[in-house]
1. Does residue 185 meet the test of being over 23 Å from the mean Cα position of the chain (by Cα), at pLDDT 95 or above and either open to solvent by less than 10 Å² (accessible area, probe 1.4 Å) or not aromatic (Phe, Trp, Tyr) (or both)?
2. Tell me which residues, restricted to segment 693-709, are in contact with a strand residue (DSSP E or B) (Cβ under 6 Å, 6 or more places away or on another chain) and open to solvent by 10 Å² or more (accessible area, probe 1.4 Å).
3. Here is a list: 696, 716, 724. Which entry is under 25 Å from residue 820 (Cα atoms) and of a type in the set (Asp, Glu)?
4. Keeping to segment 329-388, report how many residues are in contact with a Lys or Arg (Cβ under 7 Å, 6 or more places away or on another chain), in a strand (DSSP E or B) and not polar (S, T, N, Q).
5. For the condition more than 26 Å from residue 239 (Cα to Cα) and either touching a His at 6+ places or on another chain (Cβ under 6 Å) or not in a loop (DSSP other than H, G, I, E, B) (or both), what is the one hit in 478, 536, 489?
6. Would you point out which residue out of 575, 553, 516 is closer than 23 Å to residue 256 by Cα, open to solvent by 10 Å² or more (accessible area, probe 1.4 Å) and in a helix (DSSP H, G or I)?
7. Could you tell me whether residue 726 is surrounded by 14 or more Cβ atoms within 10 Å (Cβ to Cβ), in contact with a Ser or Thr (Cβ under 9 Å, 6 or more places away or on another chain), among the small types (Gly, Ala, Ser) and in a loop (DSSP other than H, G, I, E, B)?
8. Which one of these is touching a residue at least 60 places away in the same chain (Cβ under 8 Å) and either more than 24 Å from residue 153 (Cα to Cα) or open to solvent by 30 Å² or more (accessible area, probe 1.4 Å) (or both): 461, 415?
Amino acid sequence: MRLDRVTASRATANGIEIHAGPAVLQITALRDDVLRVRVGPSGQLPEDASWAVLPAARTSTVNVSPDNSSSSVGFKTAKLHVTVHRDPLELHVTDLDGHVIAEQFADRPIEYHGTSFRLYMRSPSDEHYFGLGDKPGPLDRRSEAFTNWNTDAFGWQESTDPIYKTIPWFITFHRGIAAGIFLDNTWRTSFDFNKEYRDAYSFGAENGPLDCYILYGPEPKAVVKSWAWLTGATPLPPLWAFGFQQSRYSYYPESEVRRIASRLRTERIPADVLWLDIDYQLKNRPFTVDPERFPAFDQMIKDLKAQHLHTVVITDLHIADVPNAGYKPFDEGIAGDHFVKNPDGSTFVGVVWPGKSVFPDFTRKQSREWWGTLYSDFVSKGVAGFWNDMNEPSVFEVPSKTMPDDVQHRIEEPGFATRTASHLEIHNVFGMENSRGTFEGLLKLAPDSRPFVMTRASYAGGHRYAATWSGDNSATWNHLRQTTPQLLNLGLSGFSLAGADVGGFAGSPQPELLTRWLELAAFQPIDRDHTAKGTNSQEPWEDGTPEDLNLRRRYIEERYRLLPYLYTTAEEMSRTGLPIMRPLFLEFPAASPGAAADRQAVDPTIDNEFLLGHDLLIAQSPYPDEMDDLFISLPPGGWYDYWTGERIDGTGTHKNIDNSVSPPTGVHLHRGLDTVPVFVRAGAIVPEQPLVQSTDEKPEGPLTLRVYPPNGFNQDCNGSLYLDDGESYAFRKGDFLRVNFTCRLTPQGLIVAVTAPTGTFAPWWKLFSVEVFGATKVAEGSYSALDGSGTAPISTSYDPEHHRITALVPDNGKGLELKLAY
């Protein structure tokens, strides 16, 4: 069936309803910049329910103005113009300036073939596409095609598809205008970006609802914020989640765990987390402990905590099928009828790590609640976080690597019609509802502690419940290269709190590869070193020279110094949905000054560089195993070298290694093992702390404000800091600290201002160490508190090697102003 002609239509308060023969199509405005498109091929719209979209967003509405003619029907909002041509039926969405946001491809109407459907949309030759979660490959999805079917993809490669997650959401970006499209369909879906047609992209599903959302920017940041409005933002995790994390499959017996913990401390490698994979369990049964391998498990958890190390343990969702064995998860699950069933009503059994296993029916609210109670013993022992792996769900000894298509799931969920669904419908949300059960269960067990849950499989909106990682990658240079675009697309898809197995999971890395990976991961949201059973040891002190160890330690230390900046960025993420790790075009989407209107400030396809928060730009070689020198593209506006403090002028020129000057599009640098290229935006103020060995440790000394003055007068210069206790929800009651920093150039020098803090949380510092970069000589300084307590001279020092002026300024908690004359 083809929806190729409008046969009837009627205006509604928030949109329009259209009939195309037996089919009905409804387009509504949830906000002035968010549309919803629903189709019922048989005349009845599908069930109005969603596992991904927040109820408040899904039911939101704004009034619209009808806009009809003899050839079209449609409406306008305060930001968008929706037009549906009558014959042929074609949907066109533009902004009020006429920029095309979404437009059906000519001569390809919405098509149904039995239960499957497909939409074709026009694709300009210079439009780019981002998102779809953890799909491998380039940052830009153009010229690629993908399938969404959560899959246990051990050793995936750049061309592997599908892998672990289903996030049927992507961002379009065309000449500075961004939009987002979300197909809310949990069945097997597919997306084609210019593979079938070079001037069209398409998406569809084998079954289920055509329920589509269109989110307008025009800036990419606005689209990402709207995605968070629609599906929720990543909640603020505990502070320790940003520390260095050491793992492998597996650390056992108990003596080995203790050895790793002690070595981390004796080597003075800052660390916050040790992970335990399945071998801590008795016969691989979740929620058990092997008493022979871990005879003093409870005391070990306490001892690790005393060493300021948090423990994260794996709790897979497959429950061993062992009747009459005293195995609590199985016995309770059978008694409560909590397991997934076969079509004949018997309990489905599949083989996974414990052998024959059964699986909780996570689409039942009561089954998720029961699952959450299983964590009570571990929580009471002091285990800090939990790892939901194998939840695609992975099943051994079958070609599909998962449950049969006809396995039955019971949907018993507020907001949904109570019914039974096949695995084909539930497969892609199974892992998300697993992590949801864990997250919500932990909140009930410890209501004032922020849960930390790591999941491998998920669906759109799953970032509300869990962090994630890129799965079972490999110890290869290409997988180091692949990490950046993969994490960037995860962040654009909502999963801002994400990482990769540092060093690679499958196989053993070369010493230089491990060093470079640990260096780069220091600037990524989650920094977890993890490897597979049978590989070489992969801790920072292994497999390398003393120089390797020193470099690996140095970069982990730098991460800990940057924790105030990183945590502040994470708090912004929790409010706005903006990812911690950002592609360059997210911060620099607009045409550069003086450029043609269709020129971008940066190439949106750059996928070897990223921004950590708003101000730090991190670059690796496009091919990190090459020996060639690097060319780093830099956005306009002026930058500083993070390591040397050297100013790179506002056009992007920089003295190269051969003393020549590069063009204003970037910087040539010599490739070296000791330095990851890191740059700071001119006009940034970056807070840093003294080095600590864990986030439990109170920093000793001043809070450092690294000030990078703008290129000229009246240009923005600012930064901020957010702080709380790092573990509870007391911040919701005002127990936090937020302080803003500004600077401005004057003909006499530079003025740095610190606002009076908001919130009741007490800072750990009494002094600010203000470091001003780009300086060429000493400066005279004076300090004044904003409470009117007077002005006093401040002594300064000058470091010519790092182009830095430093002044120590007392913080009385009332705000201050520092004047530097130079």
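The values are calculated or read from the model by the stated rules, or taken from the named source; none is laboratory data. Just so we're clear, the structure is a prediction, and the values are computed from it rather than from any experiment. Virtual Cβ from ideal backbone geometry, glycine too; neighbours counted across all protein chains shown. We work out accessible area using only protein heavy atoms, side chains counted, and drop any ligands, DNA or RNA first. Shrake-Rupley method; radii C 1.70, N 1.55, O 1.52, S 1.80 Å.
1. No: the conditions fail for residue 185.
2. Those that are in contact with a strand residue (DSSP E or B) (Cβ under 6 Å, 6 or more places away or on another chain) and open to solvent by 10 Å² or more (accessible area, probe 1.4 Å): 702, 704, 706.
3. Numbers: 696 fails: under 25 Å from residue 820 (Cα atoms); 724 fails: under 25 Å from residue 820 (Cα atoms).
After applying the criteria, what remains is 716.
4. Total satisfying the criteria: 1.
5. On the way: 536 fails: either touching a His at 6+ places or on another chain (Cβ under 6 Å) or not in a loop (DSSP other than H, G, I, E, B) (or both); 489 fails: more than 26 Å from residue 239 (Cα to Cα).
Just one listed residue meets the conditions, 478.
6. Details: 575 fails: closer than 23 Å to residue 256 by Cα; 516 fails: closer than 23 Å to residue 256 by Cα.
Being closer than 23 Å to residue 256 by Cα, open to solvent by 10 Å² or more (accessible area, probe 1.4 Å) and in a helix (DSSP H, G or I) holds for just one of 575, 553, 516, which is 553.
7. Numbers: surrounded by 14 or more Cβ atoms within 10 Å (Cβ to Cβ): yes; in contact with a Ser or Thr (Cβ under 9 Å, 6 or more places away or on another chain): yes; among the small types (Gly, Ala, Ser): yes; in a loop (DSSP other than H, G, I, E, B): yes.
In short, yes.
8. Details: 461 fails: either more than 24 Å from residue 153 (Cα to Cα) or open to solvent by 30 Å² or more (accessible area, probe 1.4 Å) (or both).
Residue meeting the stated conditions: 415.
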